[in-house]
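The numbers here are math on the coordinates, done by the rules we state, and not lab data. Note that the structure is predicted; figures quoted are calculated from it, not measured. For neighbour counting, all protein chains shown are included, and Cβ atoms are generated from backbone atoms with ideal geometry for every residue, glycine included.
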Amino acid sequence: MPTSPLSAIRLQFAFVIFWIIWMTLHMVVIHGLGFSWQLSMLDSGVMNLLLLSGCLLVSNNLKYYLPQKDRFWYILLWSIGLSVAWMFVGRWIMIHLIKDDAYLTFLDASIIIRTAISFLMIGCMAIVSVLWYTLQEQNENEQRKADAIRLSRDAELFNLRQQLQPHFLFNSLNSINALIGSRPGEARKMIQQLADFLRGTLKKEEQQWIMLADELTHLQLYLDIEKVRFGHRLMTEILSDEESNQLRLPSLLLQPIVENAIKFGLYDTTGAITISIRARKENMELIVTVQNPYDPQTSSAATGTGFGLKSVQRRLYLLFARNDLLITVTEDQLFTTIIKIPQQYD
């Protein structure tokens, strides 16, 4: 439910000060017309307290029913009705309180101007209330829209992360199955590494952002598993200074990039390869470069990115609304993936 325009302390204070000044001016004007201070004070007190009640009534009513754009006549009718009712009630009270004929004659003569003033004040209060409640409604709608977008984005991010795990898990299980008969010791080691990796993955699913040092530690578990699969054919080189290690990036972002490098580096070759991972800070951005060799005759790396890289690019777009944060370069039989992670993240 929206809050009243007078819900804030500073607005309450300003409202009280306004009515005190208005009632004082009213009393001074009546006294200036030749009536006593006592009578002037009574006229100002009764009439303005009734007017205050009318203003609060219309404001409170608009809190529960805010007319649509094509029904603003509702506000006009409320202002006119409350003004007329205010004048009749106020006149009836003053006739019973004051028996001064001169004052009663003045009261009847000033009915039109009093009603007009009350209409203006009640109308102003109604307009202020409409603007206040409309703004609150717009803010609530924007907040709901932002929450819906955020939930949709988070759901898509979660879905992207989840799609990568089964592919890696199936490959690892197939490798363990192949090792059980010929190399049971390595199979047990791989099972333990896989358990550690999946345990870390579950923990990181709850974190949107982590330090590069933590991401590299988790990535090393993945690489250790892959080294058991491919043996001496897979070598890695990770270079990151202390400053870069303290920077943050979306959790589980590097694994699909490295997996892509292993896929295009190892699957189409028979020799040993080196996967190079380098990180540096540049212009308030974390720059991570992943490089792997490839054979342009047999590899498809030069013609496009796989699902892994597309998922990373999509994640970066959802987080930063930018499409230039992932770049791939092919040169001299090297495939290079460069990602940029701005540090002005939410």
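Details
- Whole-Hz couplings from phi, Karplus 6.51/-1.76/1.60, listed for region 278-293; x for Gly and Pro: 10, 10, 7, 9, 8, 6, 6, 10, 8, 9, 10, 10, 10, 10, 9, x
- Net charge dipole size for the chain [Lys, Arg +1 and Asp, Glu -1 on Cβ; Debye, nearest 20]: 580
- Volume of the Cα convex hull of the chain, divided per residue and given in Å³: 206
- Hypothetical label at T217: residues of region 242-275 whose amide nitrogen lies under 19 Å (7 Å Cα-Cβ projection): 242-255
- For region 1-130, the spread of Cα positions along each principal axis, largest first, Å: 48, 30, 20
- Estimated FRET transfer efficiency (I93, L120; beta-carbon r; R0 22 Å; 0.05): 0.55
- Folded to 0 to 90 degrees: helix 307-320 orientation relative to the chain principal axis, Cα: 30
- Degrees between helix 37-64 axis and first principal axis of the chain (Cα, 0 to 90, nearest 10): 30
- Full extension of the chain between V329 and L76 yields a length gain of 84.3 nm, computed as 0.36 nm times the residue separation minus the alpha carbon distance.
- Full extension of the segment from A85 to Q38, taken as 0.36 nm per residue of separation minus the current Cα-Cα distance, would add 14.4 nm.
- Dipole in debye (nearest 20) - region 180-288, about Cα centre, beta carbon charges: Lys, Arg +1; Asp, Glu -1: 460
- Angle in degrees between helix 184-204 and the longest Cα principal axis of the chain, rounded to the nearest 10: 10
- Antiparallel bridges, percent of DSSP beta bridges restricted to the chain (to nearest 5): 80
- R0 of 51 Å, Cβ-Cβ distance R280-L11: FRET efficiency to nearest 0.05: 0.45
- Most positive-pole-ward Cα, S240, T289, L252, against dipole of region 231-299 from beta carbon charges: L252
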